[in-house]
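Chemist: Take this structure first; my questions come after.
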Amino acid sequence: MPELPEVEYTARQLRDSVIGAEIGDIQVFWERTIGHPGAQDFAAEVVGKRISGVRRRGKFLLIDLLPATSTETTAATDFLSIHRRMTGNLLLLPPGWEIDTSLRESDAAAWHTRGPTLLARLTAALVTERGQPIKLSDTEYCRVCFTFSDGRRLIYTDPRKFGRVECWPLQREDEVFANLGPEPLSNDFTAGTLANALARRKTSIKQALLDQTIVVGLGNIYADEALFAARIHPLRRADSLTQAESAALRDSIVAALTLGIEHGGTSFSDYRGLWGEAGENYNHVRVYQQDGKPCIRCGTLIERRVIAQRSAHFCPTCQTLAVTVG
DNA sequence: ATTTAGACCTGTCAGC
DNA sequence: TGCTGACAGGTCTAAA
């Protein structure tokens with residue numbers, strides 16, 4: 001689900017709320033969510049550590065950890081890496097919320113799919129430090145729960161169980177992310193670097209933009225939005241873009257991602273911010289899931305078709321198709 | 001060497 | 001009311 005804007009937005013929320021927090025306990029309710037090390041070793045690595053920083057790399061949310069006994073100046077020794085894939089979310093619960101595991105005994109099938117429920121949801125009036133009520137659905141599909149020493153809980157929820165939570169030594173970060181391309185919101189991402197990467201690809205531009213080795217952070221929503229803004233048809237061969245088109249596409253990618261962050265991310269179903277709130281960017285989307293509606297530029301109806309096993313949404317009139325794939 | 005289908009998972013919605 | 005199939009912010013792996 002989350003693409004770069006949703007991960008970045010959550011990272012900023014976490015940075016404002018959990019720096020300095022000490023992880024007092026951890027519960028894993030779906031072991032496969034822990035990608036590294038194993039579910040058992042994970043707790044040993046993480047419990048007792050203190051959060052010293054929150055970062056983002058592509059669609060990965062990174063939480064820097066240092067031993068709780070260390071001083072202010074000690075450098076982090078490990079980091080948590082969280083990739084939410086399709087339906088993962090992070091929620092920060094104030095003290096008083098309890099994890100209810102009674103389902104484990106009473107209904108094995110329901111426990112298998114949903115995991116624990118959250119007891120305090122039943123008492124409604126709980127309010128976050130932001131002064132806003134937490135909005136949770138009936139079942140939150142809690143997979144991993146971090147309990148801080150101050151009583152707050154950071155829970156990782158994920159109905160479809162695709163997401164992964166990992167812990168790595170800091171010195172292995174480069175190795176872990178060795179296959180990732182440039183950050184689109186950094187100075188590394190120029191029209192030239194994008195053009196060079198695309199020139200080596202014979203596939204569709206849509207598929208190339210989803211490839212995290214070319215540029216990180218784009219998913220189905222923002223790839224479609226960027227191609228629309230740059231007036232490039234999703235079926236254009238990646239290596240057929242002109243220099244001018246590559247430059248326009250670079251700018252459109254940056255603009256689409258920046259706008260997404262400003263709107264708190266795009267929610268149409270599952271994505272939520274740290275306090276359960278929906279992102280507002282879906283109201284500003286111009287082609288994604290807009291098939292059948294008129295193009296805002298020319299009035300032609302937006303089309304949807306499958307490209308590289310994913311839905312692509314585009315305007316067949318103003319997104320030019322000079323050279324096709326296949 | 002690339003492409004593509006399948007796997008991983010569960011929920012929702014449209015259509016019969 | 002139930003069933004079936006299509007589809008959903010992603011990525012990895014195995015087969016063609």
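Chemist: Listed residues A:Ala256, A:Ala248; which is crowded, with 24+ Cβ neighbours inside 10 Å and assigned to a helix (DSSP H, G or I)?
Modeler: A:Ala256
Chemist: Among the residues of the range A:261-294, what is the count of those that are within 16 Å of DNA strand B (Cβ to nearest atom), without any contact (Cβ under 8 Å) to a residue 40 or more places away in the chain and in contact with a helix residue (DSSP H, G or I) (Cβ under 8 Å, 6 or more places away or on another chain)?
Modeler: Total satisfying the criteria: 2.
Chemist: Only one of these is small (Gly, Ala, Ser), more than 12 Å from DNA strand B (Cβ to nearest atom) and out of contact with any Pro (no Cβ under 9 Å at 6 or more places or on another chain): A:Gly163, A:Gly181. Name it.
Modeler: Being small (Gly, Ala, Ser), more than 12 Å from DNA strand B (Cβ to nearest atom) and out of contact with any Pro (no Cβ under 9 Å at 6 or more places or on another chain) holds for just one of A:Gly163, A:Gly181, which is A:Gly181.
Chemist: Given the conditions (1) crowded, with 19+ Cβ neighbours inside 10 Å; (2) closer than 16 Å to A:Phe42 by Cα, which single one is not true for A:Pro182?
Modeler: Only one criterion in (1) crowded, with 19+ Cβ neighbours inside 10 Å; (2) closer than 16 Å to A:Phe42 by Cα is unmet by A:Pro182, namely (2).
Chemist: Among the residues of the range A:295-315 satisfying the criterion of being surrounded by 13 or more Cβ atoms within 10 Å (Cβ to Cβ) and without any contact (Cβ under 8 Å) to a residue 24 or more places away in the chain, which is farthest from the chain's Cα centre (by Cα)?
Modeler: A:Thr300
Chemist: Hey, could you check the range A:67-85 for residues that are of a type in the set (A, V, I, L, M) and modelled with pLDDT of 95 or more and say which is nearest to A:Leu218 (Cα to Cα)?
Modeler: For the range A:67-85, the residue satisfying everything is A:Ile82.
Chemist: Here is a further query. Does the range A:61-76 contain at least one residue that is more than 20 Å from A:Leu185 (Cβ to Cβ) and within 16 Å of DNA strand C (Cβ to nearest atom)?
Modeler: no
Chemist: Looking at the range A:295-308 only, could you name the residues that are out of contact with any helix residue (DSSP H, G or I) (no Cβ under 7 Å at 6 or more places or on another chain) and assigned to a loop (DSSP other than H, G, I, E, B)?
Modeler: The answer is A:Cys295, A:Ile296, A:Arg297, A:Cys298, A:Gly299, A:Thr300, A:Ile302.
Chemist: So, in the range A:5-34, of the ones that are of a type in the set (A, V, I, L, M) and under 11 Å from A:Leu61 (Cβ atoms), which residue ends up nearest to DNA strand C (Cβ to nearest atom)?
Modeler: Among them, the one singled out is A:Val7.
Chemist: Yes or no: the range A:58-80 includes at least one residue that is surrounded by fewer than 22 Cβ atoms within 10 Å (Cβ to Cβ), of a type in the set (Ser, Thr, Tyr), under 20 Å from A:Arg172 (Cβ atoms) and out of contact with any Leu (no Cβ under 7 Å at 6 or more places or on another chain).
Modeler: yes
Chemist: What number goes with the only condition from (1) charged (D, E, K, R); (2) near DNA strand C (Cβ under 10 Å from one of its atoms); (3) surrounded by fewer than 17 Cβ atoms within 10 Å (Cβ to Cβ) that A:Asp188 does not pass?
Modeler: All conditions pass for A:Asp188, except number (2).
Chemist: For the range A:197-245, what are the residues that are among the polar types (S, T, N, Q), assigned to a helix (DSSP H, G or I) and within 14 Å of DNA strand C (Cβ to nearest atom)? Outline the logic, then answer.
Modeler: First pass over the range A:197-245, keeping only residues among the polar types (S, T, N, Q): A:203-204, A:207, A:212-213, A:220, A:240, A:242-243.
Restricting the remaining residues to those that are assigned to a helix (DSSP H, G or I) gives A:207, A:220, A:240, A:243.
Hits for the range A:197-245 are A:Gln207, A:Asn220.
The values are calculated or read from the model by the stated rules, or taken from the named source; none is laboratory data. Computed from a predicted model, the values in this text were never measured in an experiment. Cβ coordinates were reconstructed from backbone atoms using ideal geometry, including for glycine residues, and neighbour counts include every protein chain displayed.
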